[in-house]
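Readers should treat all values here as calculations from the given coordinates under stated rules, not as data from a laboratory. Everything numeric here is computed off the predicted structure, so don't read it as measured data. As a convention, Cβ positions derive from the backbone with ideal geometry for all residues, glycine included, and neighbour counts pool all protein chains shown.
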Amino acid sequence: TPADFPKVGQGEQQARDTDRRTILESELRNEQSQLDAARQQLAEAQKSPSPPPPVLKDSVALHERNIEALKKEMAKLR
């Protein structure tokens, strides 16, 4: 990095990292809750004689991908 590149102190960076982890953990809990609800909706729809709408399967897959992305992001934190 250039010599004149702005830097933050170690304490401030740790506070930022802590805030980031807190936000990511909150988002992870939210996504898990939404995944549970989407799975419940899919299970209910699968009980009916007609096939479940594709949007329900897509919703489950979306939340699973979001959870994986959040876990990867959290693994990158110091």
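Annotations for the structure displayed:
- Within the stretch 48-72, the set of residues being within 30 Å of Gly11 (Cβ to Cβ) and surrounded by fewer than 11 Cβ atoms within 10 Å (Cβ to Cβ) comprises Lys72 only.
- Set Ala15, Ala37, Ala75, Ala45: member being surrounded by 14 or more Cβ atoms within 10 Å (Cβ to Cβ) and hydrophobic (A, V, I, L, M, F, W, C): Ala45
- Hey, Glu44 among the acidic types (Asp, Glu) and within 30 Å of Asp17 (Cβ to Cβ) or not: no
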